[in-house]
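Quick notes on the structure that follows.
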Amino acid sequence: MEIGLKASMLTYSGGLGVYAGDLLKAAADLELPIVGVSLLPRQGYFQQSIGNGCQTESYPQWNLEKQGLKKLDKTVTVNLCGDDIKIQAWFYEQKGQTGEKVPILFLDTNVEGNQDWMKNYTKVLYGHDPDYRLAQEALLGIGGLRMLRALGYDNIQKYHMNEGHSAVLAAELLRELGDKDKVREKCVFTTHTPVDAGHDRFNEYHYVRPILGHDLANIALSVGFENNGLNMTKLALELSGYVNAVSKKHAQVAKQQFPGYNIQAITNGVHSLTWTSKPIKELLDKNYSGWSISPDKILSDVNLRYNEIIHAQRQAKRTLFDFISAYYPHLDFDPYVLTLGWGRRIADYKRPDLILSDVARLKSIAKATKRRIQIITAGKAHPNDPESKKIIKCMNDQFEKMGGDVEGLFLPNYNMNLGALMTSGVDFWVNTPRPPWEASGTSGMKALHNGVINWSTLDGWFCESHDEGKTGFSIGGPHDGNLEDRGDDNADREDFFRKLEDIVIPLYYEQPRQRARMMINSINEAGVYNTIRAMKEYWNAYGIDDRFKEA
Ligand SMILES: *Cc1c(COP(=O)(O)O)cnc(C)c1O
């Protein structure tokens, strides 16, 4: 449903899309025969501004051609609600490091001859109303398949469904092939979240039958029926020959969530070159030649010099602070002061306000240690999510109470650019999801590429990377992955404050060598948490060919 390639191309909302983009970038680097398919949200995901502590949304025009998208002539037709809807595609080429290009198609119903309600389907990313949403998913699944064929991509070995959003594709293939096993040979599926809202379900009589029509509805429901309608995740699970979750921990959780399915783990990564700041990139170029195309080279323990890494990271910190002072001339952020960063979608399970909820405590820690603390946060709340919008207001209210030794702010419009600035420019990247709800998380992987130390609850990818005091710090204890266990916000908050006072502040201000050692250990982890590695794992798991098989 979303693919994020760059900040100015408004085709993504968060981590799911950014990861899809990062995988396609790695595929281009590896010169793989692969084509990406998504929808074109004409008005883009919203731009966020903050006024009086509250989020407001705007949808500035974005120019498709200027972003490198080219409109193709071919159109295909999908019948929804009994009407034929025409679809066209916008073509984008993602260039890899060797110059090889991966094509990406963005489907668009803003085609002459379509009525306005049809054109509307590719206006909003993740429409709110279920009828709109199911229509979008059908356009993506069926329209994507037809567009690939119309453009001559007719020898597709595997269709990868990224989340259940595209699962109508599998139903359509079943309609054509008439045999579940034949569809399973063609389809592979990745589930990305344990959070219930991430799994679309559509009522049979309100939505599925009227929108898909009886033929396709019968087929889809015969496979993905649950309670009173169609469960898109079930549809994808039933019709895929290979299913994976996005971290080892998530595979354990997903197996509880969907008992009876064989669910493997392929842990996420990030595209190293996209997410490494210039000064750190220069340092890596000097020490690990060829690292950006073979990131596993970073695993070897070259002796990065302590002062070099600290200096390079401080340059990235200055870049972030220059950006901040352009926005907030009255704020005086100091690159020599301990700085914590938090940035991601604002959602309840990510607990954006956990570390801000007790400003008095933060102040007393600063006083007791005689040290200053800076906190930088950012994140968008979905336009239809009033609870998350309230959290943004609460966060800003907390920042109002700060000043002096504890300073903090909420930066507007978290996007890929701001994400890159923040994950490279703070000292510690704080991640507070309530276990076991974070399937993987990727912003922490961006941080470690930049020598920024992760400080996170033990969930998602971090369970695999975490080595206390070496590659990062935990918040709260291990979690057994039981979905019924709601965790303990108070205990996690207490652990955070205790570590801040006893460990993190002394490490930052008094133990530069130990801190540099942790920064280098973090950078070494980039040898694992990158999409070159993840892409190869997908390729091998799908058995497409032997090019990445170890000799
Ligand atoms: C990386 C990224 C995310 C994902 O961050 P998580 O830690 O996985 O929540 C979300 N939004 C943007 C803009 C990103 O760059």
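The values are calculated or read from the model by the stated rules, or taken from the named source; none is laboratory data. No experiment lies behind these values; they were computed from the predicted model shown. Quick reminder, even Gly has a Cβ in these numbers, built from the backbone with ideal geometry, and neighbours come from all protein chains shown.
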**Message:** Within the stretch 443-466, does at least one residue satisfy the condition of being more than 23 Å from the chain's Cα centre (by Cα) and surrounded by fewer than 24 Cβ atoms within 10 Å (Cβ to Cβ)?
**Reply:** no
**Request:** Quickly run through the stretch 179-226 and pick out the residues that are in contact with a Ser or Thr (Cβ under 7 Å, 6 or more places away or on another chain) and among the hydroxyl-bearing types (Ser, Thr, Tyr).
**Result:** Thr191
**Item:** Every residue from the stretch 384-396 that is surrounded by fewer than 18 Cβ atoms within 10 Å (Cβ to Cβ) and in contact (Cβ under 8 Å) with a residue 60 or more places away in the chain
**Value:** Asn384, Lys393
**Prompt:** Mind checking which pairs have a first residue in the stretch 16-29 that is near the ligand (Cβ under 9 Å from one of its atoms) and a second that is assigned to a helix (DSSP H, G or I), Cβ under 7 Å, 6 or more apart or different chains?
**Reply:** Val18/Met416; Asp22/Thr274; Asp22/Thr531
**Asked** Do you know which residues across the stretch 332-353 are at pLDDT 95 or above, more than 13 Å from the ligand (Cβ to nearest atom) and among the hydrophobic types (A, V, I, L, M, F, W, C)?
**Response** Val337, Leu338, Leu340
**One residue from Lys297, Lys278, Lys286 being charged (D, E, K, R), closer than 28 Å to Lys25 by Cβ and more than 28 Å from the chain's Cα centre (by Cα)** = Lys286
**Message:** Here is a list: Met422, Met416, Met395. Which entry is among the hydrophobic types (A, V, I, L, M, F, W, C), under 14 Å from the mean Cα position of the chain (by Cα) and assigned by TED's automatic domain parsing to the domain that holds Gly481?
**Reply:** Met416
**Complete:** Residue pairs within 8 Å by beta carbon, gap of at least six or interchain, first lying in the stretch 530-542 and under 13 Å from His160 (Cα atoms), second aliphatic (A, V, I, L, M) and in a helix (DSSP H, G or I), listed first then second, are Met535/Leu23; Met535/Ala26; Met535/Ala27; Tyr538/Leu23
**Asked** Do we have Asp495 as of a type in the set (Asp, Glu), away from the ligand (no atom under 13 Å from the Cβ), in contact with a strand residue (DSSP E or B) (Cβ under 8 Å, 6 or more places away or on another chain) and in the same structural domain as Gly527 (by TED's automatic domain parsing) here?
**Response** yes
**Asked** Out of curiosity, is Ala366 assigned by TED's automatic domain parsing to the domain that holds Thr319, touching a Lys or Arg at 6+ places or on another chain (Cβ under 7 Å), within 15 Å of the ligand (Cβ to nearest atom) and at negative phi?
**Response** no
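Every residue, every condition in (1) touching a residue at least 12 places away in the same chain (Cβ under 8 Å); (2) buried (at least 20 other Cβ atoms within 10 Å of the Cβ); (3) under 22 Å from the mean Cα position of the chain (by Cα); (4) part of a helix (DSSP H, G or I), yes or no:
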| site | (1), (2), (3), (4) |
| --- | --- |
| Ala170 | yes, yes, no, yes |
| Arg175 | yes, no, no, yes |
| Arg184 | yes, no, no, yes |
| His192 | yes, yes, yes, no |
| Pro210 | yes, no, no, yes |
**Prompt:** How many of the residues in the stretch 194-208 are in a helix (DSSP H, G or I) and without any contact (Cβ under 8 Å) to a residue 40 or more places away in the chain?
**Reply:** 5
**Message:** When you check Gly419 against the structure, is it within 26 Å of Gln511 (Cα to Cα) and at pLDDT 95 or above, yes or no?
**Reply:** no
**Flag if Gly127 is without any contact (Cβ under 8 Å) to a residue 60 or more places away in the chain, within 23 Å of the chain's Cα centre (by Cα), on the phi < 0 side of the Ramachandran plot and part of a loop (DSSP other than H, G, I, E, B)** = yes
**Asked** Can you name every residue in the stretch 264-291 that is in contact (Cβ under 8 Å) with a residue 60 or more places away in the chain, outside any helix (DSSP H, G or I) and either within 16 Å of the ligand (Cβ to nearest atom) or touching a His at 6+ places or on another chain (Cβ under 9 Å) (or both)?
**Response** Ile266, Thr267, Asn268, Gly269, Val270, His271, Thr276, Ser277
**Message:** Cβ-Cβ under 6 Å, sequence separation 6+ or interchain: first residue in the stretch 397-422 and touching a residue at least 24 places away in the same chain (Cβ under 8 Å), partner crowded, with 20+ Cβ neighbours inside 10 Å and part of a loop (DSSP other than H, G, I, E, B). Which pairs?
**Reply:** Tyr414/Gly379; Tyr414/Lys380
**helices (runs of 4 or more DSSP H) fully within the stretch 484-551 counting 1 or more residues that are under 22 Å from Asn307 (Cα atoms) and in contact with a Lys or Arg (Cβ under 9 Å, 6 or more places away or on another chain)** = 505-510, 512-525
**Prompt:** Just for strands (runs of 3 or more DSSP E) wholly inside the stretch 1-78: which have at least 3 residues that are surrounded by fewer than 24 Cβ atoms within 10 Å (Cβ to Cβ) and not assigned by TED's automatic domain parsing to the domain that holds Lys446?
**Reply:** 47-51, 54-58
**Message:** For the stretch 397-419, give me each residue that is of a type in the set (Gly, Ala, Ser) and buried (at least 21 other Cβ atoms within 10 Å of the Cβ).
**Reply:** Gly408, Gly419
**Asked** Within the stretch 329-361, restricting attention to residues that are part of a helix (DSSP H, G or I) and under 30 Å from the mean Cα position of the chain (by Cα), which residue is surrounded by the fewest Cβ atoms within 10 Å (Cβ to Cβ)?
**Response** Asp348
**Asked** Just wondering, is there one or more residues in the stretch 319-327 that are free of Cβ contacts under 8 Å to residues at least 12 places away in the same chain and either among the small types (Gly, Ala, Ser) or touching a Ser or Thr at 6+ places or on another chain (Cβ under 8 Å) (or both)?
**Response** yes
